[in-house]
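Some notes on the structure that comes next.
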Amino acid sequence: MTQPTLFSFIFFLTNMLVSGKHIPTTLQGPFHPITIHFDPSLRRGSDDIPMDDPRLKKNVTSMFPEQIALALSTPTSMWVSWVTGDAQIGPNVTALDPTSVASEVWYGKESGKYSSKKRGNATVYSQLYPFEGLFNYTSAIIHHVRIDGLEPETKYYYRCGDSSLPAMSEEHVFETFPLPAQNSYPRRIAVIGDLGLTRNSSTTIDHLSKNDPSLILMVGDLTYANQYLTTGGKGVPCFSCAFPDAPIRETYQPRWDGWGRFMEPLVSRVPMMVIEGNHEIEPQAAGITFKSYLTRFALPAKESGSSSNFYYSFDAGGVHFIMLGAYVDYNSTGAQYAWLKEDLRKVDRTVTPWLVTAWHPPWYNSYSSHYQEFECMRQEMEQLLYRYGVDIVFSGHVHAYERMNRVYNYTLDACGPIYITVGDGGNIEKVDVDHADEPGKCPSQGDNMPEIGGVCHLNFSSGPAKGNFCWDRQPEWSAYRESSFGHGILEVLNSTYALWSWHRNQDTYKEDSPGDQIYIVRQPDICSPSTSLKVISHFNIYSH
């Protein structure tokens, strides 16, 4: 047994003794599939939070900052974003002048003492619908400032705004991460998807905040502004039912402002890294899409060599994160694929042993909802991720929880990634409960059409589902699935062990025992990130 493996084994045994409970490891897998069916005593969903709720209402005046948020830039720099002024909505709107207010951040290592100051950029955007009955929108002023020269593992105090007005925010605080190294990791990484602004969303964020993360991965579908009526002030899961004659699917952009206020208490102190989902497409006049997403978030695209906020990467201690875009070109001949290949090539696993990727729609999914929807993306990109030894993949889109056994090309594989779906944040579309393998629940191959990209549905060529589009049982690559709202926490413990915990929302009302928990264990000795060195080990828990 090598020294790192021996260290990991001793660590694992010690933790088991201290915690007093058995938590399985991926080394014990593959696991026989488990399904926890939806509890009928629970509601499948809840209403949207109204705009006059205290958590969504604007509570500052004039040009004072609100919707303050953090995002990682590099290991020694941070993005600070906020909004000032008043958005406008109606038939006729006039954009604000972004140069009318400065973008400043004061920061330092002592409360009330700010040794550094940085200035940044401001912008506005419009969402236009020149059609009768649909309202136009122009945003307030959105500020992004990159502060740099930060020391690792250090607490910083900051204020943002325009000191000349004067209109500076109250003091906020954040803590930087350790520098990339194989024995330095973020304390807790929260993973959440398909959040929205419902009463369930509120429970999710309160629960997540209680678990005290140091970093948040938001894997798409943030506000569901495109499912909120301009008139009536009530969320609606079926836009076409409410507006059957609308020439374009309108979004209610003030929901973005409400969402920014709703999230501020958390993301003004904990950096949040987002990636786009289908609800961020938000088409408007002239075929413009993704305007809100692209304008409101500062992300380390340029820092990671990407030309687009649709895909980027960043380091947090010894973890290299890659955020991919499913709603832009993902083909092997495109710019995103070329960037991904180069980003993977540059990863030094002696510095960042863990390689984690995230995008919105899952490749592996046994629910009826979105079943095989992004099979084209999987066929284009999966081999590349496998070749470089990606450890974990997070996705959302399906409004339920599912964790896979290690898998590659629908085959159980000891060197495949652990795929995890956490699209259970609490949005207006309710929790998904139907599984594609249940009688009468298999979608047709004409269902689940992606918004962007082609259709590559396939029948399985081997195993229990051979010749079929759907399985007749929970697939062997699906280890655990449950229809409940919640969020996940990833705790990377060392270069080989990470503890993954999925927390059901209903568990906030009793002793908080994770609904699903497992140690994800890397095996670099047998799964080297190279096709020429990788020992491919297929295994199957079913006899054929």
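The values are calculated or read from the model by the stated rules, or taken from the named source; none is laboratory data. It should be emphasised that the depicted structure is a prediction, and the values quoted were computed from it without experimental measurement. Cβ placement follows ideal geometry from the backbone for every residue including glycine, while neighbour counts extend to all protein chains displayed. We work out accessible area using only protein heavy atoms, side chains counted, and drop any ligands, DNA or RNA first. Shrake-Rupley method; radii C 1.70, N 1.55, O 1.52, S 1.80 Å.
Brief remarks follow.
- Accessible surface of the stretch 259-358, 1.4 Å probe: 53 percent of it comes from carbon and sulfur atoms.
- For the stretch 324-402, the dipole from Cβ point charges (+1 on Lys and Arg, -1 on Asp and Glu) about the Cα centre works out to 240 debye, to the nearest 20.
- Length-normalised contact order for the chain - Cα pairs under 8 Å, 6+ apart - percent: 17
- All C-alpha pair distances within the stretch 277-352, sorted into 5 Å bins from zero, spread as 3, 14, 23, 22, 17, 11, 5, 2, 1, 0 percent across the bins.
- With all projection directions averaged, the alpha carbon convex hull of the chain covers 25.5 nm².
- Sorted largest first, the principal axis extents computed over the alpha-carbon atoms of the stretch 44-149 equal 52, 40, 28 Å.
- Average projection, convex hull of the Cα set of the stretch 166-230: 7.7 square nanometres.
- The stretch 355-496 - accessible surface per residue (Å², probe 1.4 Å): 26
- Equivalent-ellipsoid semi-axes of the stretch 258-300, from the Cα gyration tensor, Å, largest first: 23, 11, 8
- Among the listed pairs Lys117/Lys291; Lys155/Lys210; Lys155/Lys341, those whose Cα-Cα separation exceeds 31 Å are Lys155/Lys341.
- Residue among Leu458, Leu490, Gly90 farthest towards the positive dipole end of the chain, charges placed on Cβ: Leu490
- Simple point charges give the picture: +1 on the Cβ of Lys and Arg, -1 on the Cβ of Asp and Glu, and for the stretch 426-467 a dipole about the Cα centre of about 180 debye.
- Shape category assigned to the stretch 93-233 from the gyration tensor of Cα positions, a/c cut at 1.5: oblate
- Cα-based radius of gyration for the stretch 361-498, normalised by 2.2 N^0.38 Å, reads 1.03.
- Sorting 45-56, 398-409 by average packing, meaning the other beta carbons within 10 Å per residue, from highest down gives 398-409, 45-56.
- When only alpha carbons of the stretch 403-444 are considered, Rg and Dmax amount to 13.8, 37 Å.
- Cα-Cα pairs of the stretch 49-103 separated by more than 16 Å (percent): 61
- The C-alpha radius of gyration of the stretch 441-522, expressed as a fraction of 2.2 N^0.38 Å, stands at 1.51.
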